[in-house]
Protein chains: 2
Amino acid sequence: MIKPEQLLQALQIEFEKQSYGEHPIELYEPIRYIMSLGGKRFRPLLTLLAASIYSDDWENAIKPAMAVEVFHNFTLMHDDIMDQAPLRRGKPTVHEKWNANTAILSGDVMLIKAYDLLLDIPAEKFRRVLERFNKTAAEVCEGQQLDMNFETRWDVTEEEYLGMIRLKTSVLLGFALELGGIIGGADEESIQLLYSAGENMGIGFQLKDDLLDVYGDPDKFGKQVGGDIISNKKTFLLIEALSKADSNSKTELDKWIGLENFDKQEKVAGVTAIYEELGIRAFTEQKIQEYFTKGLSSLHALKIDERRKKPLLQFAEQLVEREK
Amino acid sequence: MIKPEQLLQALQIEFEKQSYGEHPIELYEPIRYIMSLGGKRFRPLLTLLAASIYSDDWENAIKPAMAVEVFHNFTLMHDDIMDQAPLRRGKPTVHEKWNANTAILSGDVMLIKAYDLLLDIPAEKFRRVLERFNKTAAEVCEGQQLDMNFETRWDVTEEEYLGMIRLKTSVLLGFALELGGIIGGADEESIQLLYSAGENMGIGFQLKDDLLDVYGDPDKFGKQVGGDIISNKKTFLLIEALSKADSNSKTELDKWIGLENFDKQEKVAGVTAIYEELGIRAFTEQKIQEYFTKGLSSLHALKIDERRKKPLLQFAEQLVEREK
């Protein structure tokens, strides 16, 4: 049976070999930099896991899988400019280490390099993949725009928020799995199921991110617990709290949101207490479970030998259980 | 015989029909805005003119031709952020009218939409075009990076400058013609000749831009004559002047370049006088002529009925003679 570690190692070797480009160095160095920061590489891994269900030649999916990861890192490079983020995976962001112009232009080239990696796909599947990639890529940008729009709005509904994270995060997970299915040679129904699995698990994944930011174990989470609360980030938890609050807790919540000067720990404790009071934690956990269950059930519905889908299923279950 | 006006009109109709996308409006409105600012559309026109040499079904090349124009406008949207340009075709740039984040993200989507328009290419030619488009697109970014690098360097050589404008401007003109040839069904030799024609005319075209900025007729040029001199822009003329100047004129040139406060008209007159003294105008005109001659000779070398290439040749000759 294929092991995710084996696929990850194959990916790692290819990423190390990948040159992106040489001259001018100012353009290509930031690409190597952001790609060297690592990350879990779980998007390309999903592609390889899906491909390996349908074909033993999962190596054929390595370059296209890398396209997904390069695209993802392109979005990080540009999003970090827009969000004025100083750090990415604990290291200075590209626009901080160099400058915004470098991050814009190197990001542009990364997007082009993602398309370049897709060229590895066999001719008869190439066009279809391109169409789907274009649609997914545009949707990810739409999600980022909605996310920025939400920053200045206080009436974002649960439905709007779920729609935004679907675009910003989960369609790319759906595409990653779909891509593996297409390259591996899956039938149409299975390709749709793979997409749907990624789409639903992606939403669960992002909601879990929102949850861990408040309830994660500080030793495991890697980021500052409560960071979203401190910055008034409109997460699923905050949106639910705003909509579920009675007038007392609404006043309390508005107070914390409106404070310009505050003790960070106090604000995190104060807002978390409101979440507790409103049952936000349990409600969010239930939503996460719903989306993961839906995603996993799509994988279970794949009409193929259970042994072949086991590696993907096991990996998906790890995603559900993650604590960082 | 096909007339450029006829092709331009067909392009115009398709551009007006093109929606790019709807939601969120903040993402797509800036695309419609920059595309509505017009411009000469001569890149897609080159594609259609080249296609029409080899096929009467030049309409097949419309969407791919539009991809070239959308890509070009994507580069303008991002370059304008990097160059902090307030105006584009006399109207506020996207990052001025909205903000830099909008210009980054809408630009990203434009690049994706350019790939979308290329999907119109028949399957058997699609992969080849994508490869060539990716290479060209990356080169255009490399050219922009070199252009930015040159801003802080005073030892840019003629060769480096010509290399930069080849990447930033002329490879896309080469690709525009090549694309028309591929879609029209030209033989390999002709496709190479078309690319080479665009590449050389593109360099001539950019040098002419540099020349017109100083010597253009203010009534025809559209931009402020002398703008490049006022901003110390490293044009072909300035680079030649810096390399050809004797110690007297070098001192004079350095003086104008170094002045923080100056009368614009005086600086333009002063630097232009140095250009005159060093024979820069005649030297530049000769270079332009060389590149255009080389480009036109590639077109003349196309082995096809003269009548079929006449529209492209006539249009190319207009480009040579342009005064704005």
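The values are calculated or read from the model by the stated rules, or taken from the named source; none is laboratory data. As the structure is a prediction and not an experimental result, all values here were calculated from the model. Cβ sites come from the backbone with ideal geometry, for glycine too, and all protein chains shown count toward neighbours. When the accessible area is computed, the model is the full protein with side chains, heavy atoms only, and any ligands, DNA or RNA have been set aside. Shrake-Rupley method; radii C 1.70, N 1.55, O 1.52, S 1.80 Å.
Descriptive notes on the structure:
- Unique match (being in contact with a helix residue (DSSP H, G or I) (Cβ under 8 Å, 6 or more places away or on another chain), free of Cβ contacts under 8 Å to residues at least 60 places away in the same chain and crowded, with 22+ Cβ neighbours inside 10 Å) among B:Gly174, B:Gly184, B:Gly180, B:Gly163: B:Gly174
- Within the stretch B:241-261, if we keep just the residues that are closer than 10 Å to B:Ile274 by Cβ and among the small types (Gly, Ala, Ser), the residue that is surrounded by the most Cβ atoms within 10 Å (Cβ to Cβ) turns out to be B:Ala241.
- Among the conditions (1) surrounded by fewer than 20 Cβ atoms within 10 Å (Cβ to Cβ); (2) farther than 20 Å from B:Leu194 by Cα, the only one that B:Lys3 does not satisfy is (2).
- Filter result (surrounded by fewer than 21 Cβ atoms within 10 Å (Cβ to Cβ) and touching a residue at least 60 places away in the same chain (Cβ under 8 Å)) within the stretch B:128-152: B:Val129, B:Met148, B:Phe150, B:Glu151
- Subset of the stretch B:129-180 [facing chain A (nearest Cβ under 10 Å) and over 16 Å from the mean Cα position of the chain (by Cα)]: B:Leu130, B:Glu131, B:Asn134, B:Lys135, B:Met148, B:Asn149
- B:Asp120 falls short on exactly one of the conditions (1) out of contact with any Gly (no Cβ under 7 Å at 6 or more places or on another chain); (2) in a helix (DSSP H, G or I), and that condition is (2).
- Applying the criterion of being at the interface with chain A (Cβ under 10 Å from one of its Cβ atoms) and surrounded by 15 or more Cβ atoms within 10 Å (Cβ to Cβ) to the residues of the stretch B:118-127, the residue that is farthest from A:Ser19 (Cα to Cα) is B:Ile121.
- The lone criterion from (1) of a type in the set (D, E, K, R); (2) surrounded by fewer than 24 Cβ atoms within 10 Å (Cβ to Cβ); (3) modelled with pLDDT of 95 or more left unmet by B:Asp155 is number (3).
- Complete set of residues in the stretch A:18-61 that are crowded, with 22+ Cβ neighbours inside 10 Å and among the hydrophobic types (A, V, I, L, M, F, W, C): A:Leu27, A:Ile31, A:Ile34, A:Leu45, A:Leu46, A:Leu48, A:Leu49, A:Ala50, A:Ala51, A:Ile53, A:Trp58, A:Ala61
- The listed residue being in contact with a Leu (Cβ under 8 Å, 6 or more places away or on another chain) and modelled with pLDDT of 95 or more, out of B:Ala316, B:Ala241, B:Ala282: B:Ala241
- Selection from the stretch B:80-102 of residues that are surrounded by fewer than 24 Cβ atoms within 10 Å (Cβ to Cβ) and either at the interface with chain A (Cβ under 10 Å from one of its Cβ atoms) or among the aromatic types (Phe, Trp, Tyr) (or both): B:Met82, B:Asp83, B:Gln84, B:Trp98, B:Asn99, B:Ala100, B:Asn101, B:Thr102
- Failed item, numbered, when A:Lys234 is tested on (1) charged (D, E, K, R); (2) in a helix (DSSP H, G or I); (3) open to solvent by less than 60 Å² (accessible area, probe 1.4 Å): (2)
- Residue in the stretch B:113-127 that is over 23 Å from the mean Cα position of the chain (by Cα) and small (Gly, Ala, Ser) present: yes
- Test set (1) farther than 26 Å from B:Val320 by Cβ; (2) open to solvent by less than 20 Å² (accessible area, probe 1.4 Å) - B:Glu277 fails condition number: (2)
- Residue within the stretch A:209-227 that is farther than 22 Å from A:Ile288 by Cα and either within 20 Å of the chain's Cα centre (by Cα) or open to solvent by less than 30 Å² (accessible area, probe 1.4 Å) (or both) present: no
- For the stretch A:282-312, the set of residues classified as in contact with a helix residue (DSSP H, G or I) (Cβ under 7 Å, 6 or more places away or on another chain) and among the polar types (S, T, N, Q) consists of A:Thr284, A:Ser298, listed by residue number.
- Exactly one residue out of A:Asp228, A:Asp210, A:Asp263 is within 30 Å of A:Ala85 (Cβ to Cβ), touching a Leu at 6+ places or on another chain (Cβ under 6 Å) and not aliphatic (A, V, I, L, M): that is A:Asp210.
- The set of residues in the stretch A:10-65 that are assigned to a loop (DSSP other than H, G, I, E, B) and among the charged types (D, E, K, R) comprises A:Glu22, A:Lys40, A:Arg41, A:Asp56, A:Asp57.
- Of the residues making up the stretch A:133-146, those that are in contact with a helix residue (DSSP H, G or I) (Cβ under 6 Å, 6 or more places away or on another chain) and of a type in the set (D, E, K, R) are A:Glu139, A:Glu142.
- For the residues B:Gln206, B:Gln192, the requirement of being surrounded by 22 or more Cβ atoms within 10 Å (Cβ to Cβ) and either more than 14 Å from chain A (Cβ to nearest Cβ) or within 30 Å of B:Leu237 (Cα to Cα) (or both) singles out B:Gln206.
- Scanning the stretch B:37-65 for residues that are modelled with pLDDT under 95 and of a type in the set (Ser, Thr, Tyr) gives no hits.
- The lone exception for B:Leu302 - which of (1) in contact with a Leu (Cβ under 7 Å, 6 or more places away or on another chain); (2) more than 16 Å from B:Leu212 (Cα to Cα); (3) in a helix (DSSP H, G or I) it fails: (3)
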